[in-house]
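A.B. asks: My questions all concern the structure below.
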Amino acid sequence: MAKRKITPRRLAIALARVCAENRCRDVAVLDLRKRSPVTDFFVLATGTSSRQMHAAASLAVEAAEELGERPFGVEGENGGWWILADYVDVIVHLFTDESRQYYDLELLWGDAPRIDWQKGWKPGQ
């Protein structure tokens with residue numbers, strides 16, 4: 001297996017920023033390292049439309065590839081209500097308003113600390 005070029009935390013922050021730069025709302029990064037055996041970080045974001053969610057997901061995959069990371073898988077591209085990009089240690093969830101409220105991952109993982117991904121960030125950086 002190739003050596004990771006970026007830490008999972010930095011990848012999660014980078015992908016959160018890509019989502020925010022591409023018009024996603026309510027972007028959050030949850031630190032699951034001490035809470036989940038499955039992954040280390042969730043990036044959660046709400047899209048404005050199916051088209052916008054697909055564009056944000058595609059740009060996130062491109063940004064991750066530039067950082068040396070490829071997704072293990074991408075799901076939901078045909079559904080338009082939830083897109084998931086799995087980087088094993090980081091999972092990106094792009095939701096519609098309705099699906100984010102319905103699945104409410106923030107409540108499910110309510111004890112997980114949030115990462116301040118905006119610290120030192122300016123849009124377009």
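A.B. asks: How big is the gap, in Å, between the Cα center of segment 100-120 and the Cα center of segment 51-82?
C.D. replies: Computed from Cα coordinates, the inter-centre distance equals 19 Å.
A.B. asks: Also: Using a cut-off of 11 Å between beta-carbons, work out the net charge of the residues near Gln52 (Lys and Arg +1, Asp and Glu -1, Gln52 not included).
C.D. replies: +3
A.B. asks: Moving on. Quantify how much of the Cα-Cα distance distribution of the chain extends past 17 Å, in percent.
C.D. replies: Above the 17 Å cut-off, the chain has 53 percent of its Cα pairs.
A.B. asks: Still on this structure: Take every DSSP beta bridge with both residues inside segment 8-108 and express the antiparallel ones as a percent of the total, to the nearest 5.
C.D. replies: Around 70 percent of the beta bridges assigned by DSSP in segment 8-108 are antiparallel ones.
A.B. asks: Let me ask you something else. With +1 on each Lys and Arg Cβ and -1 on each Asp and Glu Cβ, how big is the dipole of the chain about its Cα centre, in debye rounded to the nearest 20?
C.D. replies: Computed charge dipole of the chain: roughly 520 debye.
A.B. asks: Separate question: Taking the Cα centre of segment 1-55 as origin and charging only Cβ (+1 Lys, Arg; -1 Asp, Glu), how large is the dipole, in debye to the nearest 20?
C.D. replies: With Lys and Arg at +1 and Asp and Glu at -1, about 260 debye.
A.B. asks: I've got another one for you. Net charge near Ala63, counting Lys/Arg +1 and Asp/Glu -1 over other residues with Cβ under 11 Å of its Cβ?
C.D. replies: -4
Just so you know, all these numbers are worked out from the coordinates, no wet-lab data involved. Keep in mind that what you see is a predicted model, and the values were worked out from it rather than measured. For neighbour counting, all protein chains shown are included, and Cβ atoms are generated from backbone atoms with ideal geometry for every residue, glycine included.
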